[in-house]
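Q: Sharing a structure with you now.
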Amino acid sequence: AIIPWGWREQVVLALIFLAGLIVDAAVLHGGLLQAFRSHILLTIVVCMTGALYTAVSLGRARRRIDDRVREDDEAIQRLTRELELRVEERTGELQTANAGLAEVNVELERANQDLQGFTYSVSHDLRGALRVIGGYSHLLVEEYGASLEPDARLYAEQIRSGTIRVGQLVDALLA
């Protein structure tokens with residue numbers, strides 16, 4: 001696999017290569033002591049190069065982590081803004097719905113009051129008519145009961161009991 005090399009890796013390789021040339025030159029020109037010194041220098045250069053490479057790698061890792069944290073923070077901020085917008089929209093919808101319900105409630109209360117007034121008026125008028133019908137049927141039976149034919153007397157009693165029953169129904173409806 002081909003590894004992409006950046007300028008830092010190229011500097012590290014160049015330092016290692018340079019250290020190797022120094023050791024070779026020391027062996028050719030200066031003998032064993034010079035070669036030992038050069039070897040120590042090469043070891044120091046290799047260690048420093050390794051430390052530099054590690055620092056470079058850690059720096060890259062840190063930048064990747066920082067980039068990821070920044071991306072995550074931006075995503076969280078974006079999602080937070082979207083959520084806040086949704087909440088505002090839903091709150092507006094609920095407020096509109098509540099206002100509509102309040103208007104309907106007022107209309108229902110008004111209609112209920114009108115219905116109660118109408119019911120009272122109708123029941124009052126109906127009771128008056130029932131009292132008149134019941135009273136005349138009672139007078140008919142009491143005044144002319146003896147001279148009425150049995151069927152006519154039965155009809156008058158049925159009228160009277162019907163008015164009583166309808167009066168009880170009106171009372172039950174109003175209760």
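Q: Would you confirm, using the coordinates I've provided, whether Val104 is aliphatic (A, V, I, L, M), under 55 Å from the mean Cα position of the chain (by Cα) and surrounded by 12 or more Cβ atoms within 10 Å (Cβ to Cβ)?
A: Answer is no for this residue.
Q: Which residues, taken from the range 132-150, are out of contact with any Asp or Glu (no Cβ under 9 Å at 6 or more places or on another chain) and in contact (Cβ under 8 Å) with a residue 24 or more places away in the chain?
A: Answer for the range 132-150, where residues must be out of contact with any Asp or Glu (no Cβ under 9 Å at 6 or more places or on another chain) and in contact (Cβ under 8 Å) with a residue 24 or more places away in the chain: Ile133, Gly134.
Q: Sticking with this one: Out of the residues in the range 133-175 that are open to solvent by less than 80 Å² (accessible area, probe 1.4 Å) and closer than 30 Å to Gln113 by Cα, which is modelled with the lowest pLDDT?
A: So, considering only residues that are open to solvent by less than 80 Å² (accessible area, probe 1.4 Å) and closer than 30 Å to Gln113 by Cα, the one modelled with the lowest pLDDT is Leu174.
Q: Turning to a different aspect of this structure: Restricting to the range 156-175, name every residue that is touching a residue at least 24 places away in the same chain (Cβ under 8 Å) and of a type in the set (Lys, Arg).
A: Across the range 156-175, the qualifying residue is only Arg160.
Q: If we scan the range 75-82, do we find a residue that is without any contact (Cβ under 8 Å) to a residue 24 or more places away in the chain, within 30 Å of Leu173 (Cα to Cα) and not β-branched (Val, Ile, Thr)?
A: no
Q: Taking the range 102-119, which residues are modelled with pLDDT under 90 and over 14 Å from Leu169 (Cα atoms)?
A: Selection gives Leu115, Gln116, Gly117, Phe118.
The values are calculated or read from the model by the stated rules, or taken from the named source; none is laboratory data. All of these numbers come straight from a predicted model, not from anything done at the bench. Reconstructed Cβ throughout: ideal geometry from the backbone, glycine too, with neighbour counts over all protein chains shown. With ligands, DNA and RNA removed, areas are computed over all heavy atoms of the protein, side chains included. Shrake-Rupley method; radii C 1.70, N 1.55, O 1.52, S 1.80 Å.
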